[in-house]
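Structure, as C-alpha cells:
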Ligand code: SF4
C-alpha cells in the first residue's frame, strides 16, 4: 500500500512567496499565517490608498517627456489616478465626507511635492518600472513588483522603492531593506548582473536611504531565503505559526484576534 502524503503547500495554495510575505514571516510567523495562508481581509486605510495612488502617479510621471516631469504634472497624475480607482469597492467607505477626502488629497500632494527634493526626474529615464518579478530559486518561486530600476552614469543598476509612510530613524532603517535585497537577488538571477545599490525613497521625511550591494550580500540573502522557506515548510507541516510580539503589533490589523493579545 502506498501512503500518499498531503502536500501542505498544495493544501494552502501557497505557490509563490513575495518579498513582503517573506518579511512578514521573519517579523511574525502568525502575521504571515493570517495574511498568506488564511488570507484574511484587512481594512484599507487612508495611508494605503495614498500609497497606491502615489505609486501610480510616480510610475506614470516617466511616461511623459522629460520637460513635462514637473510638480504640477505629478499632482495631475495623482488626481487622475485617484479618480480612476476611488470607485473600487475597497475605497468606498474610506472617508467620512467630501471634506475629509479633500484634506487627504491636499496632504497627499504635499507629500508628493517632497519627491522633487530627493531627485530630479528630468535628469534620467528609468530602465524599467513596475517590473513583475517571477523567479524560481530552485524550488522557491518568488513573485513581487519592483517599483523602479535605473542605470547610473557607470552603467550600473540601481533599484528604487517608493515609500509614502514615515521614514524610520537611520538606526532602524536596515530591516526595511530586506525586500529590496531579495529583489536585487532576483535581478542578478534574471540578468546575470549584480545591482550596485538599492534605495528606499521616503516621501514622508523626505529621506533617501541607500545601501550598496555586492555578491557576498546577495549570496547571503540567497541562503537566508532558502532557510526561511524551509522554516515556512516546517510551519506548514506542523501548523505552528508562533505570534511574535513587537512594537509593530500596534499597527497590525489582526491584533484583535491574535492569540498573543487574547488575555491582555
Ligand atoms: S498582533 Fe503582533 S504578534 Fe499578533 S499577529 Fe500581529 S504582529 Fe504578530
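The values are calculated or read from the model by the stated rules, or taken from the named source; none is laboratory data. What you see is a predicted model, and the numbers here were worked out from it, not measured in a lab. Note that each Cβ is placed from the backbone with ideal geometry, even for glycine, and that neighbours are counted across all protein chains shown.
Every residue, every condition in (1) buried (at least 18 other Cβ atoms within 10 Å of the Cβ); (2) in contact with a helix residue (DSSP H, G or I) (Cβ under 8 Å, 6 or more places away or on another chain), yes or no:
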{"residue": "154", "(1), (2)": "no, no"}
{"residue": "160", "(1), (2)": "yes, no"}
{"residue": "173", "(1), (2)": "no, no"}
{"residue": "183", "(1), (2)": "yes, yes"}
{"residue": "220", "(1), (2)": "no, no"}
{"residue": "226", "(1), (2)": "no, no"}
{"residue": "235", "(1), (2)": "yes, yes"}
{"residue": "252", "(1), (2)": "yes, yes"}
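For residue 188, the requirement of being surrounded by 18 or more Cβ atoms within 10 Å (Cβ to Cβ), more than 18 Å from the chain's Cα centre (by Cα) and under 23 Å from residue 142 (Cβ atoms) is met. Residues in the range 24-46 that are in a helix (DSSP H, G or I) and closer than 19 Å to residue 84 by Cβ: 46 alone. Restricting attention to the range 65-93, the residues being crowded, with 16+ Cβ neighbours inside 10 Å and assigned to a loop (DSSP other than H, G, I, E, B) number 1. Scan the range 183-193 and tell me whether some residue there is in the same structural domain as residue 21 (by TED's automatic domain parsing), touching a residue at least 60 places away in the same chain (Cβ under 8 Å) and in contact with a strand residue (DSSP E or B) (Cβ under 6 Å, 6 or more places away or on another chain). Checked against the condition, which is being in the same structural domain as residue 21 (by TED's automatic domain parsing), touching a residue at least 60 places away in the same chain (Cβ under 8 Å) and in contact with a strand residue (DSSP E or B) (Cβ under 6 Å, 6 or more places away or on another chain), the range 183-193 yields at least one hit.
Residue 241 fulfils the conditions (1) over 30 Å from residue 53 (Cβ atoms); (2) modelled with pLDDT under 95 except for a single criterion, (2).
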